[in-house]
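Inspection log for the structure reproduced underneath, given as structure tokens.
Throughout, read-outs are computed from the coordinates displayed, never taken from laboratory work. No experiment lies behind these values; they were computed from the predicted model shown. Cβ: placed from backbone, ideal geometry, glycine included. Neighbour counts: every protein chain shown.
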Amino acid sequence: MNTRKLLMGIAGLISVALLWSCASTTKLTGAWKDPAYQGPAKKVVVAALAKQEAVRNFFEDEFVSQLKARQVDAVASHTLVPFAQMGDRKAAVAKIKGTGADIVIATRLVDRKNVETYMPGSPYPSHYYSWGDYYGYVYSPGYVAQDEYVYLESNVYQVASEKLVWSARSETWVVASSQELIKSFVKVAVDKLAADKVIK
């Protein structure tokens, strides 16, 4: 491989890395809002239904942080309901209602998938400097790219009536650390909640 090709390959890798770092790894795949719901909510409780305590705490704290950045009063459920008591629905509901919150935002993992995609030839097919380069690309062996995706469901319930008023599903491409993926998800969710006037 000559120097020019090597430099172009490195530049391509840097460009992809920058794209991943700037672009959101989460997209909403569907959202619904009860047309009768009158927002925005003044106080919110955030609940992550996670199997790992550390994940639950980080998720809720990040959600609360982003809500507070929008001047929304928010409380993480882990400050109300200890991890060991998450299975006690009656106690959890009582503690959440005791906060005086208008709504609770509950998020859970619904699916996780690994997707394999066959990529023919070189992973850098956009640089053809000569017929020889193109010919070599066409006859070079392909490879299989493996991508992981996680699917989350977020539901918003009115605290007093426990009625569902908003729901959304999302797809997150797992290309970063868990904390970065959570931040990406929360930003997308909070933006949509604001756009739908569930929060201000």
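Once the chain from Glu153 to Lys90 is taken as fully extended at 0.36 nm per residue, the excess over their C-alpha distance is 20.5 nm. Each peptide in 64-72, 153-161, 108-116 receives the mean, over its residues, of other Cβ atoms within 10 Å, and ordering these scores from highest gives 153-161, 64-72, 108-116. With r as the distance between the Cβ atoms of Lys113 and Ala69 and R0 = 30 Å, compute the FRET efficiency 1/(1 + (r/R0)^6) and round to 0.05. In this case the efficiency is close to 0.40. For Lys183, the aspartates and glutamates whose Cα falls under 13 Å of its own Cα, not counting residues fewer than eight places away in the same chain, are Glu60, Asp61, Glu62, Asp191.
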